[in-house]
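The values are calculated or read from the model by the stated rules, or taken from the named source; none is laboratory data. Here the structure is a predicted model, which means the values were calculated and not measured. Here Cβ is always computed from backbone atoms with ideal geometry, including for glycine, and neighbour counts include all displayed protein chains. Note: areas computed on protein heavy atoms with side chains; ligands, DNA, RNA excluded. Shrake-Rupley method; radii C 1.70, N 1.55, O 1.52, S 1.80 Å.
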Amino acid sequence: IDFMCTGTFMSAVNIIDKLKPSYHKIASAQAALFPQYIEAIMKTGRPVICSTGIAEINDLDRIQYIFNNNNKGEKLELLHCRSQYPCPETDSDLDNINFLRRRYGRRVGYSDHTLGSKTAVVASMMGSNIFEKHFKLDDTIKSPDSESSVNLKEFKGYIDDLNWVAEQVQSRT
């Protein structure tokens with residue numbers, strides 16, 4: 001489990017970087033922000049994960065250009081997601097994982113806002129190996145994403161399901 005953090009303003013990039021996250025994360029809502037924000041994240045040298053939820057294709061194209069134009073293309077990975085909390089399994093549009101992989105030629109993970117782990121298992125079988133699942137320490141705290149967030153017990157089950165799939169795939173290769 002890696003730590004990542006999402007900033008929403010320019011000075012947050014330096015604040016977050018001092019925490020030494022495994023990744024900087026660009027939320028899909030920030031994908032359309034001014035290029036200086038994206039460039040500041042890129043210049044930290046840390047790997048970057050960008051969620052695609054509400055981002056437009058031209059926003060993702062611009063991010064791809066910024067990273068590739070600065071010889072940092074290998075630092076950028078994408079996460080397919082739907083910005084619904086919770087997202088019904090039938091609306092998860094997992095075929096977008098393959099679309100993004102073909103279009104951008106990079107790893108594409110899955111930011112899971114569904115209940116349970118079924119869609120993550122399918123995403124894993126499609127080759128995704130980066131997963132984001134919102135986590136909550138206290139079931140009584142309510143937030144916009146609390147309904148689709150998992151507690152510690154649910155998170156363990158989620159990880160167990162993904163590890164089981166990985167073991168099954170590995171044993172067949």
Report task. Please specify each residue of the range 87-110 satisfying the condition of being more than 17 Å from Ile57 (Cβ to Cβ) and either in contact with a Cys (Cβ under 8 Å, 6 or more places away or on another chain) or in a loop (DSSP other than H, G, I, E, B) (or both). Result -> Cys87, Pro88, Ser92, Leu94, Arg107, Tyr110
Query raised in the report: Is there a residue in the range 62-74 that is touching a residue at least 12 places away in the same chain (Cβ under 8 Å) and within 14 Å of the chain's Cα centre (by Cα)?
Result: no
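Those residues that are small (Gly, Ala, Ser) and in a helix (DSSP H, G or I), I need them from the range 29-43; list them, please.
Start the filter on the range 29-43 by keeping residues that are small (Gly, Ala, Ser), which leaves 29, 31-32, 40.
Correct list: Ala29, Ala40.
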Report summary line: Of the residues in the range 17-28 that are assigned to a helix (DSSP H, G or I) and either touching a residue at least 12 places away in the same chain (Cβ under 8 Å) or in contact with a helix residue (DSSP H, G or I) (Cβ under 9 Å, 6 or more places away or on another chain) (or both), the one that is least open to solvent (accessible area, probe 1.4 Å) is Ser28
Query raised in the report: Restricting to the range 105-118, what's the tally of residues that are crowded, with 17+ Cβ neighbours inside 10 Å and over 18 Å from Ser28 (Cα atoms)?
Result: 1
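Please go through the range 75-126 and pick out each residue that is among the β-branched types (Val, Ile, Thr) and either touching a residue at least 24 places away in the same chain (Cβ under 8 Å) or on the phi > 0 side of the Ramachandran plot (or both).
Filtering the range 75-126 down to residues among the β-branched types (Val, Ile, Thr) leaves 90, 97, 108, 114, 119, 121-122.
The answer is Ile97, Val108, Thr114, Thr119, Val121, Val122.
Does the range 73-104 hold any residues that are of a type in the set (Lys, Arg) and crowded, with 17+ Cβ neighbours inside 10 Å, and which are they? Spell out how you get there, then give the answer.
Keep residues of the range 73-104 that are of a type in the set (Lys, Arg), which gives 75, 82, 101-103.
Answer for the range 73-104, where residues must be of a type in the set (Lys, Arg) and crowded, with 17+ Cβ neighbours inside 10 Å: Lys75, Arg82, Arg101.
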Query raised in the report: Does the range 1-42 hold any residues that are modelled with pLDDT under 90, farther than 20 Å from Asp61 by Cβ and within 18 Å of the chain's Cα centre (by Cα), and which are they?
Result: Ile1, Asp2, Phe3, Met4, Cys5, Thr6, Gly7, Thr8
Query - Checking Ala31 against (1) farther than 28 Å from Thr114 by Cα; (2) open to solvent by less than 10 Å² (accessible area, probe 1.4 Å), the condition it does not meet - result: (1)
Report summary line: Residue pairs qualifying under the 9 Å Cβ cut-off, at least six apart or on distinct chains, with the first in the range 152-173 being closer than 16 Å to Asp112 by Cα and modelled with pLDDT of 95 or more and the second being open to solvent by 60 Å² or more (accessible area, probe 1.4 Å) and part of a helix (DSSP H, G or I), are Asp161/Lys118
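How many residues, within the range 119-150, are assigned to a loop (DSSP other than H, G, I, E, B), surrounded by 11 or more Cβ atoms within 10 Å (Cβ to Cβ) and within 19 Å of the chain's Cα centre (by Cα)? Full working, then the answer.
Step one: of the range 119-150, the residues assigned to a loop (DSSP other than H, G, I, E, B) are 126-130, 134, 136-145, 149.
Adding the requirement that they be surrounded by 11 or more Cβ atoms within 10 Å (Cβ to Cβ) leaves 126-130, 134, 136, 139, 145, 149.
Subsequent filtering for residues that are within 19 Å of the chain's Cα centre (by Cα) retains 126-130, 134, 136, 145, 149.
Result for the range 119-150: 9.
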